[in-house]
């Protein structure tokens, strides 16, 4: 799978933090990290400014307030934008706002907003211990901030939606109190997978697979194959069990970051359903496309507006669509019923016409109806009728009740 977990894990806790070479926690995208001596410097855009250092701002109506959302291009910095967009949507609590006419924002400006929010987390308690801990967290965060625009090194565990191997990158989410979730979980109802995966992280599981393949013990070899099969069958990094746990674990109205396939998305839960914020720059002018539902592991989703109402397909507004041909729709329903009935009875699936074939057959019927016939003629069989009954009979027959249940 092409996720960030493939990168090396964060520095070992036993190693002093200041001695950890940043290259060991490098970005999964191979972007070189800043040198250790420059970590205390505020992140700045490199001159001359590149096109990818500018991000378009999309304005939406969110909880009665005109709210900005920062969009990204194909290779945008999704960790940075996922966090920034949460702060923008939580403007009442975070205080992060943009000028009303803002249309473009730079990476340097985003970093400045993020830095101000992190500094604002300073504890009110003035005890020496808490202040020292805060200063250490700020120092660690300054090390991580430059990576937000390139990619973070996170290493999931398959035991829970909020289970990650701790790496310095996680400090940003902790300081801002932003939940970080994933849905790559092993199904507890498959005991052999539970045994093979255990509580290992992704990196540890990959190492185990390599070791088991080279073992002489057949039990270890078998366990390694089960673990490898689990990774291959869940390459989308979202399992059905993980989706169920994610839905149950996330709180109603909560804004969080969802990690999947090396991508970080802003996620929320509305009336028991999960939605991901649409930040693709291609939808910049689509006011009705704000959220994308997360209800399937195979990528099947739908777009919603800011009120989580199903939105129309992008770019279809104002387009006149011809009214649907009800006879063609009825023909498709008939075919669907015949397929379902044959499957229920254990029979071979009847020949099914494609939409194009149905349209051609319907056009032929129209031609036959309007064609003058001086003498009654026997009905001609259309090519698509070779494996079924005549079209006229299918359309006129009394259809059985379609509200049946397939067992």
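A quick yes/no check of all residues on (1) touching a strand residue (DSSP E or B) at 6+ places or on another chain (Cβ under 9 Å); (2) at pLDDT 95 or above; (3) surrounded by fewer than 22 Cβ atoms within 10 Å (Cβ to Cβ):
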{"site": "153", "(1), (2), (3)": "no, no, no"}
{"site": "157", "(1), (2), (3)": "yes, yes, no"}
{"site": "184", "(1), (2), (3)": "yes, yes, no"}
{"site": "194", "(1), (2), (3)": "no, yes, yes"}
{"site": "200", "(1), (2), (3)": "yes, yes, yes"}
{"site": "215", "(1), (2), (3)": "no, no, yes"}
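So that you can scan it fast, the table gives a plain yes or no per residue for (1) assigned by TED's automatic domain parsing to the domain that holds residue 65; (2) closer than 16 Å to residue 182 by Cβ; (3) at pLDDT 95 or above:
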position	(1), (2), (3)
260	yes, yes, no
264	yes, yes, no
279	yes, no, no
312	no, no, no
For this session: Kindly list the number of the only condition in (1) crowded, with 18+ Cβ neighbours inside 10 Å; (2) closer than 18 Å to residue 246 by Cβ that fails for residue 148.
Result: (2)
Exercise. Out of (1) in contact (Cβ under 8 Å) with a residue 60 or more places away in the chain; (2) buried (at least 18 other Cβ atoms within 10 Å of the Cβ), the odd one out for residue 166 is which?
Worked result: (2)
Exercise. Which of the residues that make up the stretch 153-207 are in a strand (DSSP E or B) and under 19 Å from residue 137 (Cα atoms)?
Worked result: 164, 165, 180
Problem set entry | Hits in the stretch 246-291 - residues which are surrounded by fewer than 19 Cβ atoms within 10 Å (Cβ to Cβ), free of Cβ contacts under 8 Å to residues at least 60 places away in the same chain and outside any loop (DSSP other than H, G, I, E, B) | 247, 248, 270, 273, 276, 282
Problem set entry | Odd one out for residue 115 among (1) over 14 Å from residue 172 (Cβ atoms); (2) in a helix (DSSP H, G or I); (3) out of contact with any strand residue (DSSP E or B) (no Cβ under 8 Å at 6 or more places or on another chain) | (1)
Problem set entry | Residue in the stretch 117-140 that is under 30 Å from residue 234 (Cβ atoms), in the same structural domain as residue 87 (by TED's automatic domain parsing), buried (at least 17 other Cβ atoms within 10 Å of the Cβ) and touching a helix residue (DSSP H, G or I) at 6+ places or on another chain (Cβ under 8 Å) present | no
Exercise. Mind checking which pairs have a first residue in the stretch 295-314 that is closer than 20 Å to residue 89 by Cα and a second that is assigned to a loop (DSSP other than H, G, I, E, B) and modelled with pLDDT under 90, Cβ under 7 Å, 6 or more apart or different chains?
Worked result: 303/311; 304/311; 305/311
Exercise. In the stretch 101-110, what residues are in a loop (DSSP other than H, G, I, E, B) and either surrounded by 15 or more Cβ atoms within 10 Å (Cβ to Cβ) or at pLDDT below 90 (or both)?
Worked result: 101
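The values are calculated or read from the model by the stated rules, or taken from the named source; none is laboratory data. Fair warning: this is a prediction, and the values are worked out from it, not measured in the lab. In this analysis, Cβ positions are derived from the backbone assuming ideal geometry, glycine residues included, and neighbour counts consider all displayed protein chains.
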